[in-house]
Amino acid sequence: MKPWVLGLTGGIGSGKSAAAKCFVELGVPLVDADEAARWVVEPGRPALAQIVAHFGTDIVLPSGELNRAALRERVFQHAEEREWLERLLHPLIREEIDRYLACAQFPYAILVSPLLIESGQFRRVDRVLVVDAPEDTQIRRTLLRDRVSEEQVRSILKRQVGREERLRYADDVLVNDRDIAWLRSEVERLHAFYLKLRGGRE
């Protein structure tokens, strides 16, 4: 039987990756939208050849891999270039995710996506779990993890959909404002509940 799909999301520094890891430890199949986006542009994949044909060879590193920093700079400066890239990549990323989820042998599978709401991916899942944390906690965690300035973190937070908006889409909310042991126990509780659901619904 095909598994139902849980969309897992949360703002920067909310701890969605830590929550995802706890689900994986419980044996739940999981695909990360960011990783799928990396897979589709690996050397030898058709998308990389199309990107090089469009943007030129300076978009490739000597190793043959995509120069993400150079590409990011190009598409941030030109909206039409960003749209071209999205038109190319989004269907390929979708196919990659679908292929992975279709093979999952488990009652449910997880799609982790930081932009689940913004990208419209929430429409393709059966249930949405939002990992939430107070904004000051998000900022503190991101500063520790990424060694970036507070200004950069605040600017990322502004670009992401607001907490209230994200929570409106949630079927379940995991408030991640304590330690890892608390997070693990919350994931175990949700996991036991999810195993009883059919098609992601009660």
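Figures for the structure shown
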quantity	calculated
So VAL173, is it modelled with pLDDT of 90 or more, under 19 Å from the mean Cα position of the chain (by Cα), in a strand (DSSP E or B) and surrounded by 15 or more Cβ atoms within 10 Å (Cβ to Cβ)	no
Helices (runs of 4 or more DSSP H) contained entirely in region 1-89, each with at least 1 residues that are closer than 28 Å to GLY200 by Cα and touching a residue at least 60 places away in the same chain (Cβ under 8 Å)	16-25, 33-39
Tally of residues being part of a helix (DSSP H, G or I), within 18 Å of PRO29 (Cβ to Cβ) and at pLDDT below 95 across region 176-202	0
Positions within region 121-155 being buried (at least 20 other Cβ atoms within 10 Å of the Cβ) and of a type in the set (Asp, Glu), in sequence order	ASP132
Single residue of LEU129, LEU111, LEU92 found to be over 14 Å from LEU8 (Cα atoms) and either at pLDDT 95 or above or in a helix (DSSP H, G or I) (or both)	LEU92
Complete set of residues in region 93-115 that are surrounded by fewer than 20 Cβ atoms within 10 Å (Cβ to Cβ) and among the polar types (S, T, N, Q)	GLN105
Residue match in region 28-47 (condition: loosely packed, with under 15 Cβ neighbours inside 10 Å, aliphatic (A, V, I, L, M) and in contact with a strand residue (DSSP E or B) (Cβ under 9 Å, 6 or more places away or on another chain))	no
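The values are calculated or read from the model by the stated rules, or taken from the named source; none is laboratory data. Everything quoted here is computed from the prediction, not taken from an experiment. Here Cβ is always computed from backbone atoms with ideal geometry, including for glycine, and neighbour counts include all displayed protein chains.
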